[in-house]
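Contents: one structure, followed by commentary.
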Amino acid sequence: MSATLYERIGGEAAVNAAVELFYRKVLNDYRINRFFNNTDMDTQLAKQKAFFTMAFGGPNNYTGQDMRNAHARLVKMGLAEEHFNAVMEHLGATMVELNVPADLIAEAAAIAESTRKDVLGK
Amino acid sequence: MYTLTVDQKRYSCLENESVLDVLVRENVNLSYACKKGTCHSCLVRSIDIKPPKPAQAGLKNTLINQNYFLACQCYPLQDMHIKLPNQSEFYRMGTVTVNTLLNRNTMLLVIAFEDAFEFNAGQFVNLQRSDGLTRSYSIANVPQESNQLEFHIRRLPGGKFSSWLHDEIRIGDSIAVSEPRGHCFYLPERREQGLLLVGTGTGLAPLAGILTDALRHGHAGPIHLFHGSRHFEDLYRIDEMQQLAAQHANFHYMPCLSGNPVPDGFSAGRVNDVALSHFSDLKDWRIFLCGHPEMVNQMKKMTFLKGASMADIYTDAFIVSST
Ligand SMILES: Cc1cc2nc3c(=O)[nH]c(=O)nc-3n(C[C@H](O)[C@H](O)[C@H](O)COP(=O)(O)OP(=O)(O)OC[C@H]3O[C@@H](n4cnc5c(N)ncnc54)[C@H](O)[C@@H]3O)c2cc1C
Ligand code: HEM
């Protein structure tokens, strides 16, 4: 089987379905919403799309260094393990809500998990 | 190899080059950042042809409709004429034909042109005084044969441009008007969709245009307009809106007052709170928010959290510049 996770999960349509569900969860979560509050919502949503494309193993060319740079400002604001865990929670819950099969959820979660050190600037 | 024309200058676009690659190579001044289609910094507009589809992925409908695209995601399939956001604007001269008061501090200003002025109801233009002072004002009417633009101008205490319009402009004066701008307008699609229109003060101007446009396109879904201000004396067009509501079963109008007193037929409270409390769920609604920047930003978030899709939320924040 050669289809990528991104293709099996449903490609861009899956990203589009996931991103708003996810973003509502994030904005409603007092533990982490302060990180998302000061930028324009349209821009922010486009960035969440990049987040999902990446977690779904889709076409993007973000390097580990890009992830460090993108989140450096947040690390200065105190971004830490518990916040990363909260995002992982919402990522999982969003996919469950969209009836993504458990094995694909696990694959996507593993990809997101692999960025932990870079996102947290460790 | 295709030719890109920007502001009269022509550049060659080589194979596998994006529009952004060409502009960067040629040192054309355009802001950009991610080069991945994520940040939308390099948004530009095609003047003549429809840009390639992938270059418009993720853009709002009203931007796509006006041939906006992301330079970093655009691999041309033919020659293109491109307009950059910082390119100097084209102004036309219009003549003031009406300047009457709508209420104690809001003026109805009508500017007429010799030729047709193309725009979408709800867009705004920049008005410019002869000394160069420039401000944005929303168009309150719909495109029509009479070649006129209607504006609602609120007098800000000590405001340079609004005071000038209120105190000095006379019928017959000419004034410079930019091309129409902005992407907060109605597109005649999904006619069954509910429309929620929320505005403060002269935020009614673009909303009135959008409302008229939707009604004349026979929009079938429910349309709710909430117009708010602090005092009764600062609202306007109340009778007209009530009349429209009486004529159109699907149109509902609610004037809101955040101060006292609150007469019968008006809702007490801030317009955003009143509007939100009306709906338990805004899934599949199309939202238009115009006026006070704080109201607009807060409502953008709240309507999204109540289920509206971000692609369906259109906004015009009347940001007052401090220059
Ligand atoms: C997209 C867009 C559309 C717009 N559409 C309209 C429209 O349809 N109708 C309309 O009337 N305006 C509209 N505006 C606002 C308009 O462009 C001007 O900003 C406004 O008329 C004030 O300009 P001014 O030169 O009179 O004030 P300025 O000389 O710029 O002075 C404003 C000063 O007043 C202060 N100030 C800010 N808010 C207030 C307040 N509420 N009360 C008192 N002082 C304040 C500011 O700090 C600033 O120093 C729009 C703005 C934008 C961005
Ligand atoms: C789980 C792994 C994560 C991945 C794969 C990821 C991925 C991304 C990507 C691809 C971007 C866009 C970068 C750009 O082009 O600008 C981004 C931006 C962003 N991320 Fe993450 N992210 C992760 C975790 C987090 C966490 C834990 C938070 C905060 C709680 C967070 C908050 C943000 C914010 C606020 C932005 C926008 C930054 C800005 O203002 O430009 N992310 N992320």
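The values are calculated or read from the model by the stated rules, or taken from the named source; none is laboratory data. The structure displayed is predicted, hence computed values, not measured ones. Reconstructed Cβ throughout: ideal geometry from the backbone, glycine too, with neighbour counts over all protein chains shown. Just the protein is used for accessible areas: all its heavy atoms, side chains included, with ligands, DNA and RNA removed. Shrake-Rupley method; radii C 1.70, N 1.55, O 1.52, S 1.80 Å.
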Where does helix A:102-113 land angle-wise versus the long Cα axis of chain A, in degrees 0 to 90, nearest 10? 30 degrees
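I need the shape label for the stretch B:247-323. Rule: rounded when a/c is under 1.5, else prolate if a/b > b/c, else oblate, with a, b, c from the alpha carbon gyration tensor.
Details: a/c = 1.75, a/b = 1.07, b/c = 1.63.
Oblate, since a/c reaches 1.5 and b/c is not below a/b.
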To the nearest 10 square angstrom, what accessible area does B:Phe266 show with a 1.4 Å probe? 40 Å²
Which one of B:Ile287, B:Gly228, B:Gly218 has its Cα pushed farthest toward the positive end of the charge dipole of the stretch B:203-323, where Lys and Arg give +1 and Asp and Glu give -1 at the Cβ? B:Ile287
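According to the Cα gyration tensor, what semi-axes, each the square root of 5 times an eigenvalue, does the equivalent ellipsoid of the protein assembly as shown have, listed from largest to smallest in whole Å?
Numbers: eigenvalues 325, 171, 80 Å².
Its equivalent ellipsoid spans semi-axes of 40, 29, 20 Å.
Leaving out ligands, DNA and RNA, what percent of the accessible area of the protein assembly as shown is carbon and sulfur, probe 1.4 Å? Let's see the in-between values first.
Working: 10850 of 21490 Å².
Ligands and nucleic acids excluded, carbon and sulfur give 50 percent.
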Averaged over residues of A:43-50, the number of beta carbons from other chains lying within 10 Å of each residue's Cβ is 4
Go through the stretch B:279-318 and flag every residue whose accessible area shrinks by 10 Å² or more with all protein chains in place compared to the isolated chain (probe 1.4 Å). B:Lys300, B:Lys301, B:Phe304, B:Leu305, B:Gly307, B:Ser309, B:Met310
Which residues in the stretch B:51-90 have a backbone N closer than 14 Å to a point placed 7 Å from the Cα of B:Lys283 along the Cα-to-Cβ line? none
Could you give the size of the charge dipole of the protein assembly as shown about its Cα centre, using +1 on the Cβ of each K and R and -1 on the Cβ of each D and E, expressed in debye and rounded to the nearest 20? 860 debye
Where Rh is the Kirkwood radius over Cα pairs, Rg/Rh for the stretch B:195-317: 0.93
Using all alpha carbons of chain B, what is the percent of pairwise distances in each 10 Å bin, ordered from the shortest bin to the longest? 5, 24, 30, 25, 12, 3, 0
Using Cβ-Cβ distances only, list the Cys residues of the protein assembly as shown with no partner cysteine under 4.7 Å, sorted by number. B:Cys13, B:Cys42, B:Cys72, B:Cys74, B:Cys184, B:Cys256, B:Cys290
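Mind checking the per residue accessible area of the stretch B:195-317 for me, 1.4 Å probe, whole number of Å²? The partial results should precede the final answer.
Details: 4850 Å² over 123 residues.
Averaged over the residues of the stretch B:195-317, the accessible area is 39 Å².
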Taking the Cα centre of the stretch A:5-119 as origin, sum charge times position over the Cβ atoms of Lys and Arg (+1) and Asp and Glu (-1), and report the length of that vector in debye to the nearest 20. 400 debye
Accessible area per residue, Å², the stretch B:2-83 with all protein chains present, probe 1.4 Å: 52 Å²
Between the helical axis of A:41-55 and the dominant principal axis of chain A, each derived from Cα atoms, what acute angle in degrees is found, rounded to the nearest 10? 50 degrees
Loop-located trypsin sites (Lys or Arg not before Pro) in the stretch B:236-323, at most 12 other Cβ atoms within 10 Å (DSSP): B:Lys283
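At 0.36 nm per residue, minus the direct Cα-Cα distance, what do B:Glu168 and B:Val98 gain on full extension? Give it in nm, one decimal, please. Walk me through the numbers on the way to the answer.
Numbers: separation 70, 0.36 × 70 = 25.20 nm, distance 1.33 nm.
Contour length minus Cα-Cα distance gives 23.9 nm.
With a 1.4 Å probe on protein heavy atoms only, work out how much accessible surface A and B bury together, total over both chains, in Å² to the nearest 100. If you can, show how the numbers build up before the last one.
Details: alone 6930 and 15960 Å², together 21490 Å².
For A against B, buried area totals roughly 1400 Å².
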Can you give me the three principal axis dimensions of the stretch B:2-83 from its C-alpha atoms, in Å, biggest first? 29, 26, 22
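Stick to the Cα atoms of the stretch A:5-119, pair each with every other, and give me the Kirkwood hydrodynamic radius in Å at one decimal. The partial results should precede the final answer.
Values: mean 1/r = 0.0699 Å⁻¹.
This gives a value of 14.3 Å.
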Leaving out ligands and nucleic acids, and using a 1.4 Å probe, what accessible area per residue does the stretch A:36-122 come to in Å²? 51 Å²
Which three semi-axes in whole Å describe the equivalent ellipsoid of the stretch B:1-46, each the square root of 5 times a Cα gyration tensor eigenvalue, listed largest first? 18, 12, 9
Using a 1.4 angstrom probe and counting only protein chains, how large is the accessible area of B:Asp273 in Å², to 10? 80 Å²
Search the structure for amide H atoms under 5 Å from the amide H of B:Leu235, placed 1.01 Å from N in the peptide plane, and list their residues when 5 or more places away or on another chain. none
Contour minus Cα-Cα span, A:Asn69 to A:Ala106, at 0.36 nm per residue, comes to 10.7 nm
Do any trypsin sites (Lys or Arg not before Pro) in the stretch B:20-127 lie in a DSSP loop with no more than 10 other beta carbon atoms within 10 Å, and if so, which? B:Arg104
Would you calculate the convex hull of the Cα atoms in the stretch B:91-178 and tell me its volume per residue in Å³? 87 Å³
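What stretch of chain B, leaving out the sites themselves, is the longest with no GluC sites (Glu not before Pro) in a DSSP loop having at most 11 other Cβ atoms within 10 Å? Write out the running numbers ahead of the final one.
Values: sites that count: B:Glu15, B:Glu114, B:Glu118, B:Glu145, B:Glu168, B:Glu189, B:Glu192.
Between the exposed loop sites, the longest stretch runs B:193-323.
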Dipole of the protein assembly as shown, positive end: most advanced residue of B:Gly94, B:Phe117, A:Leu21 [Cβ charges, Cα centre]: A:Leu21
What's the angle, to the nearest 10 degrees (0 to 90), between helix B:293-305's Cα axis and the longest principal axis of chain B? 80 degrees
